Amino acid sequence: MRMVDLIHKKRNGGELTAAEIQTIIDGYCRGDIPDYQMSAWAMAVYFQGMTPVETANLTLAIAESGDTVDLSQIPGVKADKHSTGGVGDKTTLILGPIVAAAGIPVAKMSGRGLGHTGGTIDKLESIAGFRTELTQEQFFRQVNEIGLAVIGQSGNLTPADKKLYALRDVTATVESIPLIASSVMSKKIAAGADAIVLDVKTGSGAFMKTVEQSEELAHAMVEIGTEVGRNTAAVISDMDQPLGFAVGNALEVAEAVATLQGKGPEDLTELCVELAAHMTVLAGKAADIYEAKKLVRELLASGAALAKFRQFVAAQGGDDAFVDDLRRLPQAEYVFAAKSPAEGYIGAIDAEELGIAAMMLGAGRATKDDTIDHAVGIVLNLKVGDRVAAGEALARVHAAAPESEPAVRQALERLLGAFTITPEPPKLRPLVLSVVT
Ligand code: URA
């Protein structure tokens, strides 16, 4: 099978067989298929798309390109959640403990942040002593003992995805539904969970800018999950503004604790309840979404989810005393207000721009070798739809240097540029836009 013939077949809209897809992925991983041919193939997929069967076969080929995690040593239906990438998205820190408190094992591998989006592992490393690297034995033992463990990606999971994603990034082929769907689902399948809830972000801060595109991606991923025998559901949620108020690692951990204490932002709480409830239904611990939401709210209100969070932090070596005194988290040396240049309503907050501003302060990485400052970031004062006076604080900036420093000033300008102030109140849309099962 020559690669040129497979590119030709896809370019002309043909359907590739499972064996042909396997040949492409194996050949690319081995280095027999050069980047230029793989780029041409990815572009052919971009324009011609893939059938659901092709997409499922591509997903399996990528999932099996490296190590796969076998969670069979952990009894029960293991649940996982994946977000397609957001700003201020600290949901894993909240729904992991909720779901574990419901008796559902969560053995989760998470990533680090890159670009304008943050990563759960960086957030957890804001907690003094917290270890994100465990041996497989420690990982399984912890899940069996307390129901929850979150570690950084270890081993050689989905090497084909790493190589192909890097290539897509520089060949304008990222925004292809079958390529995104297979990339996301291959990682989830390789990580071993039985029940998968996907949080597909839509809006200015997301890959998918419209609800229609997001629904298409959600359907493709749910179809793959179902095809390979994993219970899968997708929630389409708004990313037209950051989730919650805090953007930045320690600041987000503090907001996650507040949410577990029942004092969190409304939007963040709502999304966590929604996602945790779907995980509960898929894992068979509730008959329907209404019963699941009731259970999730009870676990929050009773303090059971917060107690599980403390247990989880302590089990991974973290100092859980910070829960009672958030000043034990890393604190930025300089905190100042970002003031509104005009009066009116907050019409929009460009989540991607705000994420970039936080990254410029040091909260994120421009390249994967950058180090991050856990203390810095942005805490919004106002959200879309709120009224604002000229000179009122839109947000508070937590920085490592004073406002007069050029790098901090540039980040502040970027932050202010993320806000649109309008004379009339904007039309608000719900946070959860649709659910695909
Ligand atoms: N996230 C992924 O993991 N893969 C993609 O292709 C896009 C977003």
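The values are calculated or read from the model by the stated rules, or taken from the named source; none is laboratory data. Keep in mind that this is a model prediction, so the values were computed, not measured. So basically every Cβ, Gly included, is an ideal-geometry build from the backbone, and we count neighbours across all protein chains shown. Each accessible area value is taken on the protein alone, full model and side chains, heavy atoms only, with ligands, DNA and RNA left out. Shrake-Rupley method; radii C 1.70, N 1.55, O 1.52, S 1.80 Å.
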### Message
Just checking: which of the helices (runs of 4 or more DSSP H) contained wholly in the stretch 1-71 hold 2 or more residues that are more than 23 Å from LEU217 (Cα to Cα)?
### Response
3-11, 18-30, 35-48
### Task
Go through the stretch 355-378 and count every residue that is in a helix (DSSP H, G or I) and more than 18 Å from the chain's Cα centre (by Cα).
3
### Those residues of the stretch 332-381 which are modelled with pLDDT of 95 or more and of a type in the set (S, T, N, Q), in sequence order
SER340, ASN381
#### Entry: Lone qualifier among GLY317, GLY284, GLY264 - being outside any helix (DSSP H, G or I) and buried (at least 19 other Cβ atoms within 10 Å of the Cβ)
GLY264
## Note on the structure
Considering the stretch 146-160, residues that are surrounded by fewer than 23 Cβ atoms within 10 Å (Cβ to Cβ) and within 16 Å of the ligand (Cβ to nearest atom), and then whichever is farthest from ASP35 (Cα to Cα), we arrive at GLY152
### Summary
How many residues of the stretch 72-92 are within 16 Å of the ligand (Cβ to nearest atom) and either basic (Lys, Arg) or part of a loop (DSSP other than H, G, I, E, B) (or both)? The answer is 6
### Summary
Among the residues of the stretch 64-84, the number that are surrounded by 23 or more Cβ atoms within 10 Å (Cβ to Cβ) and either of a type in the set (Gly, Ala, Ser) or more than 15 Å from ALA193 (Cβ to Cβ) (or both) is 4
### Query
Filtering the stretch 191-219 down to residues that are acidic (Asp, Glu) and not in a loop (DSSP other than H, G, I, E, B), which residue is nearest to the ligand (Cβ to nearest atom)?
ASP199
### Message
Report every pair of residues separated by at least 6 positions or lying on different chains whose Cβ atoms are under 9 Å apart, first residue within the stretch 329-341 and over 15 Å from GLN410 (Cα atoms), second open to solvent by 100 Å² or more (accessible area, probe 1.4 Å) and at pLDDT 95 or above.
### Response
VAL335/ARG396
### Message
When you check ILE127 against the structure, is it over 26 Å from LYS10 (Cα atoms), more than 13 Å from the ligand (Cβ to nearest atom), β-branched (Val, Ile, Thr) and more than 16 Å from the chain's Cα centre (by Cα), yes or no?
### Response
yes
### Query
Just checking, how many residues over the stretch 103-130 are open to solvent by 20 Å² or more (accessible area, probe 1.4 Å) and among the aliphatic types (A, V, I, L, M)?
3
### Task
Tell me, yes or no, whether the stretch 161-169 has at least one residue that is assigned to a helix (DSSP H, G or I), within 17 Å of ILE21 (Cα to Cα), away from the ligand (no atom under 12 Å from the Cβ) and touching a residue at least 60 places away in the same chain (Cβ under 8 Å).
yes
### Query
Just checking, which of ALA277, ALA258 is of a type in the set (A, V, I, L, M, F, W, C) and open to solvent by 10 Å² or more (accessible area, probe 1.4 Å)?
ALA258
